[in-house]
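Contents: one structure, followed by commentary.
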């Protein structure tokens, strides 16, 4: 693995991808959208309801972006999730080589982190990274401080957290943006960890990224294993449930059903929100798909 100084073959500022060309990763506190180009173009931090840090999906020039992509021509792009997880894989296929990016957020106990790991699958490949946050929907300016293996973005607004981007490759500071250009041989990888900054630079390593990756896989595998559904639509049910799980808050669970609602058997649940006669009450997937032991009855509203 080495740093390179070569001109990217793709435009520095790509137009936003349509919403259907995105995957989503999260940690039950917030989520990030990743497009087919490997760009995180929307993320609020540290919570769902927090101001945005990246929002180039809405404003390509001022919204903030986190780009990571190979320097390849005539690329075919594919996105998929690793089976029964919310770990997103973006793959780039070209006659000159194959590369992939793994995106995930840590969901185990510890720091809240967004981790991006890029790998050359076939042939040596050059890569480029550009992290240009725009705090508070682009309204708050920030300063950038370089450390040994990381850079710290400090927003002017005191109510917003400073963010550290740690990397296994050298980072370059330009104005308020962190960039990197590097080359990986086949089977080599590089990693970037974004988290709230502390007083001391963390002592991360490639082994830390690998162990966190495995812990995240295990978390989602264990959660999916709670399902008792074994029907023909198992893959679709699991994938839908994993996405719905990402949109729930670990810190603010759903309230109990409102008074005046009646219980209906689990087999009558549709997995959708019922709004007849009282406040909206979501029916959790575990009620309609045999999640958990034993399955609790779902709630509906009398009408």
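The values are calculated or read from the model by the stated rules, or taken from the named source; none is laboratory data. Predicted model only: the values in this text are computed from it and were never measured. Reconstructed Cβ throughout: ideal geometry from the backbone, glycine too, with neighbour counts over all protein chains shown.
Summary of computed values
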| item | result |
| --- | --- |
| Some residue of segment 166-185 being within 16 Å of residue 111 (Cα to Cα) and either crowded, with 21+ Cβ neighbours inside 10 Å or touching a strand residue (DSSP E or B) at 6+ places or on another chain (Cβ under 7 Å) (or both) | yes |
| Output for segment 84-111, where each listed residue is at pLDDT 95 or above and either under 17 Å from residue 27 (Cβ atoms) or touching a helix residue (DSSP H, G or I) at 6+ places or on another chain (Cβ under 9 Å) (or both) | 84, 85, 86, 87, 88, 102, 103, 104, 105, 106 |
| Test: residue 56 is in a loop (DSSP other than H, G, I, E, B), free of Cβ contacts under 8 Å to residues at least 40 places away in the same chain and in the same structural domain as residue 189 (by TED's automatic domain parsing) | no |
| Residue in segment 137-148 that is farthest from residue 52 (Cα to Cα), counting only those that are touching a strand residue (DSSP E or B) at 6+ places or on another chain (Cβ under 6 Å) and surrounded by 13 or more Cβ atoms within 10 Å (Cβ to Cβ) | 145 |
| Entirely in segment 171-211, the strands (runs of 3 or more DSSP E) that have 2 or more residues that are touching a residue at least 40 places away in the same chain (Cβ under 8 Å) | 177-184, 189-196 |
| Failed item in (1) assigned to a helix (DSSP H, G or I); (2) surrounded by 13 or more Cβ atoms within 10 Å (Cβ to Cβ), with residue 235 passing the rest | (2) |
| Complete set of residues in segment 40-53 that are surrounded by fewer than 24 Cβ atoms within 10 Å (Cβ to Cβ) and either in a loop (DSSP other than H, G, I, E, B) or touching a residue at least 24 places away in the same chain (Cβ under 8 Å) (or both) | 45, 46, 47, 48, 49, 50, 51, 52 |
| Within segment 219-232, considering residues that are over 21 Å from residue 107 (Cβ atoms) and in contact with a strand residue (DSSP E or B) (Cβ under 8 Å, 6 or more places away or on another chain), the one surrounded by the most Cβ atoms within 10 Å (Cβ to Cβ) | 229 |
| Residues that are on the phi > 0 side of the Ramachandran plot and surrounded by fewer than 17 Cβ atoms within 10 Å (Cβ to Cβ), drawn from segment 73-132 | 74, 110, 123 |
| Qualifying positions in segment 203-216 - over 18 Å from residue 112 (Cβ atoms) and surrounded by 12 or more Cβ atoms within 10 Å (Cβ to Cβ) | 205, 206, 210 |
